[in-house]
Amino acid sequence: MKAEQSPCAERLRPSFFAAAFVPLMVAIACSMLGTTVRAAEPQSRNSGVPAAKVEALPDGEYACQLLAYAPGTWLPQYRPSVMGSIVLRGSTYERRTSGKGKTRFDVKTQRLTFLDGPMRGWVAAAGRNSTGLFVRLRGRSPGEPGDSPKIGDDLCFLQH
């Protein structure tokens with residue numbers, strides 16, 4: 001769904017040089033002209049939001065997306081991840097591209113530990129947000145996913 005723009009925003013088409021700063025420039029220019037701009041829907045409402053506690057990770061496919069900055073901006077967005085997807089079934093996992101192994105989920109710590117197979121030693125944090133259940137992996141430190149999402153993390157959302 002495309003966000004509405006004010007007539008002011010329509011008149012202020014930025015140059016190539018300014019393309020990275022479009023939202024800020026339009027807001028400032030329209031503010032100076034005394035008009036308003038309705039902000040576009042953010043691409044991601046999930047970054048920085050504390051995850052609700054998860055009691056169990058249901059079986060299913062968890063499609064992974066990389067949390068990254070939008071090109072030319074400091075705005076977070078999700079992009080396709082090289083992780084692909086992870087299928088969880090009971091205490092096992094499978095990555096179609098690299099094999100399968102065993103897992104253990106600790107409800108108290110909200111951590112999913114990959115015990116063997118191609119992801120042996122990785123630890124994922126479990127969470128829930130407005131999009132649904134997810135597991136979060138941190139490639140920079142596979143054994144410790146941290147307490148909250150950061151740029152560069154892979155968030156793998158349960159597919160319905």
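Every read-out reported here was derived from the displayed coordinates using simple, explicitly stated rules and does not represent laboratory data. Worth saying up front: this structure is predicted, and the values here are computed from it rather than measured. Backbone-built Cβ (ideal geometry, glycine too); neighbour counts: all protein chains shown.
Counting only strands (runs of 3 or more DSSP E) that sit wholly inside the stretch 49-160, those with at least 2 residues that are over 19 Å from the mean Cα position of the chain (by Cα) and surrounded by 14 or more Cβ atoms within 10 Å (Cβ to Cβ) are 92-95, 99-106, 111-114. For the stretch 75-103, the set of residues classified as among the basic types (K, R) and under 19 Å from D154 (Cα atoms) consists of R79, R95, R96, K100, listed by residue number.
The set of residues in the stretch 137-159 that are under 17 Å from S85 (Cβ atoms) and in contact (Cβ under 8 Å) with a residue 40 or more places away in the chain comprises L137, D153, D154, L155, C156, F157, L158, Q159.
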